1. If you take the residues of the range 109-133 that are touching a strand residue (DSSP E or B) at 6+ places or on another chain (Cβ under 6 Å) and touching a residue at least 60 places away in the same chain (Cβ under 8 Å), which of them is farthest from residue 14 (Cα to Cα)?
2. Going by the conditions given, is residue 50 closer than 27 Å to residue 160 by Cα, in contact with a strand residue (DSSP E or B) (Cβ under 7 Å, 6 or more places away or on another chain) and either without any contact (Cβ under 8 Å) to a residue 60 or more places away in the chain or assigned to a helix (DSSP H, G or I) (or both)?
3. If I filter the range 86-108 down to residues being touching a residue at least 40 places away in the same chain (Cβ under 8 Å) and not in a helix (DSSP H, G or I), which single residue comes out as farthest from residue 69 (Cα to Cα)?
4. Identify all residues within the range 1-38 that are assigned to a loop (DSSP other than H, G, I, E, B), in contact (Cβ under 8 Å) with a residue 60 or more places away in the chain and more than 13 Å from residue 67 (Cβ to Cβ); write none if there are none.
5. Looking at 82, 78 in this structure, which one is without any contact (Cβ under 8 Å) to a residue 40 or more places away in the chain, surrounded by 13 or more Cβ atoms within 10 Å (Cβ to Cβ), touching a helix residue (DSSP H, G or I) at 6+ places or on another chain (Cβ under 9 Å) and on the phi < 0 side of the Ramachandran plot?
6. Which of the numbered conditions does residue 78 fail, given that it passes all the others? Conditions: (1) in a helix (DSSP H, G or I); (2) over 13 Å from the mean Cα position of the chain (by Cα); (3) at pLDDT 90 or above.
């Protein structure tokens, strides 16, 4: 769910498997937060979907913030949660996978539309600095696996191609 933090003038965009549930749970506790999911019935929303549900004034004046994650790690986490009955490569060919990437959520072609990012690898610090929220006591340990053990040469290269905008923008490496 996307959150509007009106007092901070922030739109929090939450791609899949980026600790966004943890952050969203904390956003929900803020008095000036508004959940677009509650108002629209939509789950995780890309920037294009969000634009359909908020005023241009809010979109153009609020700071856009999103959580991000290494695309190979994000994909492995997504696969292990939702697709263990098929091969990783078969999952990569699905529409659902393509709609779950950071490139889909946060990029207009090659241009990133967010102003600030909360990196999964710096989750606690970035969330505190950017949103002013302390999530140091969160209990999700989804980063306790080695994503490299899930990938093959083919899946690594496929993700490198599909997620090229985010890899370039944020400097991720396998």
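1. Within the range 109-133, the match that is farthest from residue 14 (Cα to Cα) is 130.
2. Here the answer is yes, as residue 50 does meet what is asked.
3. 108
4. Scanning the range 1-38 gives 8, 30.
5. 82
6. Condition (2) is where residue 78 drops out.
Per-residue answers, yes or no, for (1) touching a helix residue (DSSP H, G or I) at 6+ places or on another chain (Cβ under 9 Å); (2) within 30 Å of residue 6 (Cα to Cα); (3) at pLDDT below 95:
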{"residue": "68", "(1), (2), (3)": "yes, yes, no"}
{"residue": "98", "(1), (2), (3)": "yes, no, yes"}
{"residue": "125", "(1), (2), (3)": "no, yes, no"}
{"residue": "155", "(1), (2), (3)": "yes, no, no"}
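The values are calculated or read from the model by the stated rules, or taken from the named source; none is laboratory data. Keep in mind that this is a model prediction, so the values were computed, not measured. Heads up, the Cβs are rebuilt from the backbone with ideal geometry, glycines too, and the neighbour counts pull from every protein chain shown.
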